[in-house]
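Visitor: I am attaching a structure below and will ask some questions about it afterwards.
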Amino acid sequence: MKLDFLTRDLIDAGAIDAMVARDAPTVRILSDAERRESLLRTLAAKPQDDVWLFGYGSLIWNPTVHFVERRVARVMGWHRAFCLSTPAGRGSVDNPGLVLGLDAGRHCDGVAFRISGEIVEPELAMLWKREMLSASYVPRWLDLLDEHGVRFGCAIAFTIDPASENYAGGLEREQVVRRLATASGALGTSADYLFRTSEGLQDHGIHDEDIERLRTEVAAAQAKREI
């Protein structure tokens, strides 16, 4: 089964869980009860602000949630990194891919989505099915800063759990490029994930030097393999 592009219907139908169970059966998938507990724990810690969601990777170009406002934002203390190994989805058990996580340190510019309070719980429940497949991410509330450095809200952000078995921080650059250039799974290639993220950032006027360098290096690696 090739999913190609995640939609709300596919997520609600449990297609991601089924894909991982089939393609990477050793990965422990969180139960519905575990996801519900995580969501309720996150909402219980919600600051007195509107509910925002911070996108730094695929959420930028495929948010899937319904939102009433979208704006560029910065979070401090975390940076975008290809630090999550994917043995399914955009990679395989034999050749795991890489996707983005928020790793500790520095800052990250991304896109914040404001979700109406009337639909917060069902929207986030759908989002938890997408992002909290396993225990690789830790949802946190992070302050959002505008282009002037002024705080305008607090958002849920999916930060990487360095204790996760799929954490891939600290890989040599050569390994990152190779895995992004070659890995493929039921959701497509890791390279396509990189390229779509680069385009999504550019569409919002966000320049990420490392993402652009990776895009160039991965494209060159793919071209070299085709010669």
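Rule-based calculations on the coordinates, nothing more; no lab input. Computed from a prediction, not measured in an experiment: that's the story for all the values here. Backbone-built Cβ (ideal geometry, glycine too); neighbour counts: all protein chains shown.
Visitor: For segment 93-107, enumerate the residues that are within 15 Å of Glu165 (Cα to Cα) and surrounded by fewer than 14 Cβ atoms within 10 Å (Cβ to Cβ).
Guide: Hit for segment 93-107 is Val93, nothing else.
Visitor: Condition first: closer than 16 Å to Pro139 by Cβ and either surrounded by fewer than 20 Cβ atoms within 10 Å (Cβ to Cβ) or of a type in the set (Asp, Glu) (or both). Now tell me which residues in segment 66-87 satisfy that.
Guide: Of everything in segment 66-87, just one residue is closer than 16 Å to Pro139 by Cβ and either surrounded by fewer than 20 Cβ atoms within 10 Å (Cβ to Cβ) or of a type in the set (Asp, Glu) (or both), namely Gly77.
Visitor: Tell me, yes or no, whether segment 22-34 has at least one residue that is out of contact with any His (no Cβ under 7 Å at 6 or more places or on another chain), buried (at least 16 other Cβ atoms within 10 Å of the Cβ) and closer than 16 Å to Pro139 by Cα.
Guide: Checking segment 22-34: at least one residue is out of contact with any His (no Cβ under 7 Å at 6 or more places or on another chain), buried (at least 16 other Cβ atoms within 10 Å of the Cβ) and closer than 16 Å to Pro139 by Cα.
Visitor: Any idea which of Arg140, Arg130, Arg90 is outside any loop (DSSP other than H, G, I, E, B) and surrounded by 19 or more Cβ atoms within 10 Å (Cβ to Cβ)?
Guide: Every option except Arg130 fails the conditions.
Visitor: Report the residue count in segment 108-122 for those that are surrounded by fewer than 20 Cβ atoms within 10 Å (Cβ to Cβ) and farther than 16 Å from Ala81 by Cα.
Guide: 8
Visitor: Only one of Leu59, Leu39, Leu43 is surrounded by fewer than 16 Cβ atoms within 10 Å (Cβ to Cβ), touching a residue at least 12 places away in the same chain (Cβ under 8 Å) and assigned to a helix (DSSP H, G or I). Can you tell me which?
Guide: Leu43
Visitor: Considering every residue within segment 104-116, establish whether at least one is hydroxyl-bearing (Ser, Thr, Tyr) and under 12 Å from the mean Cα position of the chain (by Cα).
Guide: No, segment 104-116 has no match at all.
Visitor: Can you pull out the helices (runs of 4 or more DSSP H) entirely within segment 160-227 that have at least 3 residues that are under 15 Å from the mean Cα position of the chain (by Cα) and surrounded by fewer than 19 Cβ atoms within 10 Å (Cβ to Cβ)?
Guide: In segment 160-227, 190-203 are the helices (runs of 4 or more DSSP H) which contain 3 or more residues that are under 15 Å from the mean Cα position of the chain (by Cα) and surrounded by fewer than 19 Cβ atoms within 10 Å (Cβ to Cβ).
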